Amino acid sequence: MGDIRSFILVTEGEGRRTFKGRSPRQAALKAATRGIKDIQLREVRKNADGTKSVHVFEGSIEMIDKGDKAPEWLPDKIKKPIVKKLRVDHV
């Protein structure tokens with residue numbers, strides 16, 4: 001498996017938020033879970049400002065029923081993040 005990578009959200013107005021995951025999609029799913037719809041992620045690397053690629057996603061949340069085998073403490077409805085990759089911008 002790959003290493004955990006850090007991605008910074010570059011969308012204006014969101015502040016400096018970082019999401020971690022093995023891939024840009026995994027980080028985008030975490031951002032979508034927090035209600036962010038326009039997701040633009042740039043990978044942050046050690047000893048550098050970041051990569052020259054910005055991964056652009058469209059995110060949403062669907063509320064679904066919890067599964068039969070879900071723990072008791074979970075609410076009856078849970079968030080299911082949905083992301084669609086639109087493009088990769090090279091800056």
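The values are calculated or read from the model by the stated rules, or taken from the named source; none is laboratory data. Predicted model only: the values in this text are computed from it and were never measured. Please note: Cβ atoms are built from the backbone with ideal geometry, for glycine as well, and neighbour counts cover all protein chains shown.
Couple of notes before you dig in:
- In the stretch 2-35, the residue that is nearest to Ile78 (Cα to Cα) out of those that are basic (Lys, Arg) and in a loop (DSSP other than H, G, I, E, B) is Arg34.
- So Glu72, is it part of a strand (DSSP E or B) and out of contact with any helix residue (DSSP H, G or I) (no Cβ under 6 Å at 6 or more places or on another chain): no
- Single residue of Phe7, Phe57 found to be out of contact with any Phe, Trp or Tyr (no Cβ under 6 Å at 6 or more places or on another chain) and hydrophobic (A, V, I, L, M, F, W, C): Phe57
- Only one of the numbered conditions (1) modelled with pLDDT of 95 or more; (2) under 17 Å from the mean Cα position of the chain (by Cα) is violated by Trp73, and that is (2).
- Any chance Val54 is loosely packed, with under 15 Cβ neighbours inside 10 Å, in a strand (DSSP E or B) and of a type in the set (Val, Ile, Thr): no
- Any chance Arg87 is part of a strand (DSSP E or B), surrounded by fewer than 15 Cβ atoms within 10 Å (Cβ to Cβ) and of a type in the set (D, E, K, R): yes
- Qualifying residue in the stretch 62-74 (condition: surrounded by 15 or more Cβ atoms within 10 Å (Cβ to Cβ) and not small (Gly, Ala, Ser)): no
- Those residues of the stretch 46-69 which are touching a strand residue (DSSP E or B) at 6+ places or on another chain (Cβ under 8 Å) and farther than 14 Å from Lys84 by Cα, in sequence order: Gly50, Thr51, Lys52, Ser53, Val54, Met63, Ile64, Asp65, Lys66
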